[in-house]
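Everything on this sheet refers to the single structure shown next.
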Amino acid sequence: MSSTTRPGPRLGLLIRPLQALVNNPGLLVATIVAIWCLCSFGYAILEGKGPIEGLWWGVVTGSTVGYGDFYPASTAGRGLGAVLIVSMLLLIPIAIGHVIAHLVFDKETLAVATVLEDVHERMDRLEYLTLASLRAQHGEEWVTERLEQYSTHDDSTTDVAEQMLAMMQKNHQGAKE
């Protein structure tokens with residue numbers, strides 16, 4: 001995000017927690033259930049209804065079906081209804097989006113992952129043949145020393161390509177299952 005499009009400090013206090021919520025499916029579902037239960041039981045208490053009637057009202061109101069069999073008569077009950085409706089209209093579609101994103105896979109991404117997997121296998125074979133040739137030319141001790149040097153260097157740097165490949169392989173495996 002460029003400095004010209006960054007939200008101000010006050011707006012950032014609102015946006016950052018909201019981004020954290022919508023990007024964490026488990027927290028999102030827990031928040032939806034918590035809002036539903038709190039509003040439902042609040043309605044039941046405010047309107048003198050039982051907990052089951054309150055939960056039913058919460059489902060009907062939160063889904064915006066609104067059968068009209070139960071509705072709040074008090075101002076506080078109507079306020080709870082408004083909170084429930086607005087929060088469910090905002091949060092439920094995001095949760096549905098998370099579910100759909102895990103059910104649908106992109107064919108192009110799958111094709112790229114397959115090609116990368118093949119390239120990775122070929123590189124492994126090339127590495128094996130190269131090491132065998134180097135062992136024959138310089139001996140095992142020389143190869144071991146060089147591998148330790150490269151390993152130390154590799155451990156001190158972050159290989160973005162390897163991280164991307166691992167992520168794509170994980171996604172590819174998930175798509176196969």
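The values are calculated or read from the model by the stated rules, or taken from the named source; none is laboratory data. Computed from a predicted model, the values in this text were never measured in an experiment. Glycine gets a Cβ as well: all are built from the backbone with ideal geometry, and neighbour counts include every protein chain shown. The protein model used for the area step is the full one, side chains on, heavy atoms only, and it has no ligands, DNA or RNA in it. Shrake-Rupley method; radii C 1.70, N 1.55, O 1.52, S 1.80 Å.
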Legend entry - Matching option when the condition is under 30 Å from Leu18 (Cβ atoms) and either open to solvent by less than 60 Å² (accessible area, probe 1.4 Å) or at pLDDT 90 or above (or both), among Gly97, Gly139: Gly97
Legend entry - Condition check for Ala111: in contact with a helix residue (DSSP H, G or I) (Cβ under 9 Å, 6 or more places away or on another chain), assigned to a helix (DSSP H, G or I), surrounded by fewer than 16 Cβ atoms within 10 Å (Cβ to Cβ) and not polar (S, T, N, Q): no
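Residue-by-condition table, conditions (1) under 27 Å from His98 (Cα atoms); (2) open to solvent by 50 Å² or more (accessible area, probe 1.4 Å); (3) in a helix (DSSP H, G or I):
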position: Val29; (1), (2), (3): yes, yes, yes
position: Lys49; (1), (2), (3): no, yes, no
position: Val65; (1), (2), (3): yes, yes, no
position: Val83; (1), (2), (3): yes, yes, yes
Inset, instruction - For His153, state whether it is under 29 Å from Ile32 (Cα atoms) and either of a type outside the set (A, V, I, L, M) or open to solvent by 60 Å² or more (accessible area, probe 1.4 Å) (or both). - result: no
